[in-house]
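The structure under discussion appears below in the form of structure tokens.
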Amino acid sequence: MKDEVRDRLAREFRGTTNYREPMKNHTSIRIGGQADVFLKPIDLEDLKAVLKIATEEDLPVMLLGAGSNTLVRDAGIRGFVITSLSLQKQEIVSQNEETADIFCEAGVKISAFVQMAAEKGLSGCESLIGIPGTMGGAIFMNAGARGIEIKDIVREITFLDVQGTLHTVLRDKLEFGYRHLKLPRGAIILSGIFRLTKKDPQEVEETVRNYQKVRAETQPLNYPSLGSVFKNPESTKKGEVVSKAGELIEECGLKGVRVGGARVSEKHANFIVNEKQATAKDVVVLINLVRDKVKEKTGVLLETEVKILGEDT
Ligand SMILES: Cc1cc2nc3c(=O)[nH]c(=O)nc-3n(C[C@H](O)[C@H](O)[C@H](O)COP(=O)(O)OP(=O)(O)OC[C@H]3O[C@@H](n4cnc5c(N)ncnc54)[C@H](O)[C@@H]3O)c2cc1C
């Protein structure tokens, strides 16, 4: 990184700066080359300061939450990687007899949000327990489980555009899709407000525990992974609606298939696990192998849910 950029960061930025930071330390699959600069701003002003430096120095910026849906290639990421993890505020901002609205910043972990809601007897997000991302990542991805998605509970979001201008957008103006939210390029989600329904706290906590149990029974949580690698296809196969990518992968006999240290999970065919110090290349080759075999055998072209970023070695 140029000396001018280092000097400016030292002068104008108050958060934490790590040069040549291994991204494997910041992704759930424990894979990824170095980011040129990894930055943890302490507040909104600090975030704006770093975006200003990036714009003026013509450096690319990537926003990272918990890295639980992101595969970083082996040669890492050029420019700035900014983490949202210092944005940790969550609180009830309004309520009536039936519902409560919770303000939640982007860096709050999804499970912390669900736990907080459960303790207060607020229902509507129980099935999101165990998704290892942040609420910012969940909004960006329209994360969901067991029929509930972020779009079902969000009332509004606030984001920063690349010019450093704040925008608050109400739910009916947000264009959510399957594991997708349409946002201006480079937008950084800062927070959201979520509406949940009041219920008996014990009942909500019990539901959360049950969802946790189901997750542990059906997902390979003992290995690093990225969750579901492929989106569930919306196309049809032999006239039937195909709903589960995992079922197609299993049907093609691909469970347990390995490339280097990466392996298609035996427990959940749509998970690729980092079994033995896999490289990003191992994972990408395995993703392509699975996609090709499923296309060849079933005619369905799977689309990746995980974001693959950075440069190859
Ligand atoms: C074991 C396991 C189970 C999982 N189960 C589920 C599941 O049931 N349902 C589901 O939907 N997903 C699941 N996932 C995937 C993942 O946890 C979710 O997609 C989660 O919402 C990603 O959040 P994150 O903070 O980790 O995002 P990251 O991986 O850090 O980022 C993902 C994308 O979002 C962008 N992004 C992140 N934060 C922001 C922000 N503040 N502003 C703008 N852009 C941002 C990033 O730039 C990137 O493009 C699972 C993953 C694992 C490892």
Exercise. Could you tell me which numbered condition R146 fails, if it satisfies all but one of (1) modelled with pLDDT under 95; (2) among the charged types (D, E, K, R); (3) under 17 Å from V93 (Cβ atoms)?
Key: (3)
Quiz item: Which of the strands (runs of 3 or more DSSP E) contained wholly in segment 2-88 include at least 2 residues that are within 14 Å of the ligand (Cβ to nearest atom) and not assigned by TED's automatic domain parsing to the domain that holds L128?
Solution: 34-40, 61-64, 70-72, 77-83
Quiz item: Does I189 satisfy the criteria of being more than 10 Å from the ligand (Cβ to nearest atom) and under 14 Å from I150 (Cα atoms)?
Solution: no
Quiz prompt | Filter result for Y178 (within 15 Å of the ligand (Cβ to nearest atom), within 15 Å of the chain's Cα centre (by Cα) and aromatic (F, W, Y)) | solution = yes
Practice problem: For segment 246-269, name all the residues that are under 18 Å from T27 (Cα atoms) and either touching a helix residue (DSSP H, G or I) at 6+ places or on another chain (Cβ under 6 Å) or assigned to a helix (DSSP H, G or I) (or both). | Solution: G261, A262
Quiz item: Just to be sure, is A54 crowded, with 17+ Cβ neighbours inside 10 Å and either touching a helix residue (DSSP H, G or I) at 6+ places or on another chain (Cβ under 6 Å) or at positive phi (or both)?
Solution: no
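The values are calculated or read from the model by the stated rules, or taken from the named source; none is laboratory data. Values in this document were obtained by computation on a predicted structure and should not be read as measured data. Positions of Cβ are backbone-derived with ideal geometry, glycine not excepted, and every protein chain shown enters the neighbour counts.
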